[in-house]
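S.K.: My structure is below; once you've seen it, I'll send some questions.
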There are 2 protein chains.
Amino acid sequence: MENSLREQSGVAVRHQCRAGVIIGATSGMAAGYVQANLVVLPQADAQDFVRFCVSNPKPCPILGLSEKGSPRIPSLGSDLDIRTDLPRYQVWKNGVLSEETSDITAFWREDLIAIAIGCSFSFEEALLVDGIPLRHITERRNVAMFKTSIPCQMAGRFGGNMVVSMRPLLAQDAIRAIQITSRMPAVHGAPIHMGNPALIGISNINTPDYGDAVSVLNDEIPVFWACGVTSQAAILEAKLDFAITHAPGAMLVTDRKNAEFTH
Amino acid sequence: MENSLREQSGVAVRHQCRAGVIIGATSGMAAGYVQANLVVLPQADAQDFVRFCVSNPKPCPILGLSEKGSPRIPSLGSDLDIRTDLPRYQVWKNGVLSEETSDITAFWREDLIAIAIGCSFSFEEALLVDGIPLRHITERRNVAMFKTSIPCQMAGRFGGNMVVSMRPLLAQDAIRAIQITSRMPAVHGAPIHMGNPALIGISNINTPDYGDAVSVLNDEIPVFWACGVTSQAAILEAKLDFAITHAPGAMLVTDRKNAEFTH
């Protein structure tokens, strides 16, 4: 990625998404600005889904909500149009992926509600600023993510088990990472597990269900955070008539700063 | 221990120490009140020792200091006499234990300074209140403590390696314990290690250097906190002409509340 994209503001990145210039992953863009998972659902499903998120705030922290029919989320950015401002979307019909597109204007309806959900990019930035190395970033891979045996609270048709992201850390970095992420509850907060993966139903740490495998060294502890992919998995399992999500890695870049979400 | 002692105030416990009624361990007495390690040294050594504590705040957090020659530490209690208000003391001469006594009035000198150092009783209470079980308490043993390979910052003749206390915890309790103790820096704060004991120079988790062994179950992580015994070990290694400390477990009970030390 060009350095210029890292140094741009959230709204500048959105403008380039809107113009069709940025159509891929947003990792590393607009450093310091909050990026979010996007879910767009018809009103009835959206009500259940919001209840699902509220009941499972560690994997699915709600950062922003649109009014019914409105493609704006003013709390995340004044010059923000949900229909055009992400690089890439996935449109789901009858429970299966229908198409990928960089503009969902043609799919917009008056009964849709957009839900923005916190993303681990925010706390990863805080960890890196603190000097904690993250292997998947060093190795230029996606973070390793796993389905667990931890059930989510159900709401309507939304349920399933929690998905977690794993980062291998030295003990002292793990302690520090717990301190830092505990102060960021709006972007997944403290880890939900560390150590033995089998205790949360992960049989093989080398075969993630999403993302890429990263090595866990002898002196490291695998540390597990609740992951926003939990919401995507719940939507997939619910086999909805209609849903739109961001394409993997192609997030909503907002005007909010990660620093605002540290208490 | 009688329930009445648990429910008494710090000053009430001190009065009974002063009267010679309480002469043993103070664990569980005056619930909610801060207990402290005590070190009494001649001025020159005290200056170095205070510098040692300030340089090593995780094992040796200073809670109170007397003026030279004064047996009072008003910040820890108005009706407090260091010479009589602990159940039991150890008097050290020429680097070896000279005697144990329940009153050091006969040893008091105009050049002595008393230093009170934070103790893990404070954060253990916070963990128990949060519902985190502590095995050494359940099993009515002393906490397991170990010499580590982690060097302290030296000051004058005071140095040596850090001593840690170990508590086996389930992962979710360990995460919560890190959150809770991070907010209590004046009483050792966050753990300094967790997981593999060998990484901090502990070769056998079943043979502590101080206190009692406790079992670490398969689904538990050993969590290590810096321990005030570090200061006692440093004094022993310094082979001082003269020093007074509390006898093991027979702490200074203060008027301060543990809750005051949570930020």
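Readers should treat all values here as calculations from the given coordinates under stated rules, not as data from a laboratory. In this text the structure is predicted, and so the values were computed from the model without any measurement. Cβ coordinates were reconstructed from backbone atoms using ideal geometry, including for glycine residues, and neighbour counts include every protein chain displayed.
S.K.: Under the definition of Cα pairs under 8 Å and six or more residues apart, what whole-number percent is the relative contact order of region A:64-118?
M.R.: 42
S.K.: Roughly speaking, what is the centre-to-centre gap between region B:238-253 and region B:1-41 when only Cα atoms are used, to the nearest Å?
M.R.: 16
S.K.: Right, next: Run the lone-cysteine check on the protein assembly as shown: no other Cys C-beta under 4.7 Å from the residue's C-beta.
M.R.: A:Cys17, A:Cys119, A:Cys152, A:Cys227, B:Cys17, B:Cys119, B:Cys152, B:Cys227
S.K.: In deg cm²/dmol, rounded to 500, what helix-only [θ] at 222 nm does chain B give when every DSSP H run of at least 4 residues adds -39500 (n - 2.57) and the total is split over its residues?
M.R.: When only DSSP H runs of four or more count, the value is -6500 deg cm²/dmol.
S.K.: Binning at 5 Å from 0, report for region A:1-91 what percent of all alpha-carbon pair distances ends up in each bin.
M.R.: Result returned by the calculation: 3, 12, 21, 23, 19, 13, 7, 2, 0.
S.K.: Separate question: For chain B, what are the DSSP H helices with axial Cα length of 15 Å or more and mean Kyte-Doolittle hydropathy of at least -1.0?
M.R.: Length and hydropathy pass: B:43-55, B:171-182.
S.K.: On the rotation axis linking copies A and B, which residue of A comes nearest by its Cβ, and by how many whole Å?
M.R.: For the rotation taking chain A to chain B, the closest Cβ gives A:Ile178, 2.
S.K.: Over region A:113-263, calculate the relative contact order: mean separation of alpha carbon pairs under 8 Å at least 6 apart, over the residue count, as a percent.
M.R.: 30
S.K.: Report the Cα centroid-to-centroid distance between region A:54-103 and region A:124-178 in angstrom, as an integer.
M.R.: 22
S.K.: Can I ask one more? Taking the label point 7 Å from Cα in the Cβ direction, how far apart in nm is B:Asn94 from each other copy of itself, listed shortest first?
M.R.: B:Asn94 label point versus its equivalents elsewhere: 9.6 nm.
S.K.: Sort A:223-232, A:246-255 by packing, meaning the average of other beta carbons within 10 Å per residue, with the highest value first.
M.R.: The peptides rank, most packed first, as A:223-232, A:246-255.
S.K.: Okay, next question. Considering only lysines 8 or more places apart in sequence, or on different chains, count the pairs in chain A whose C-alpha atoms sit under 27 Å apart.
M.R.: 10
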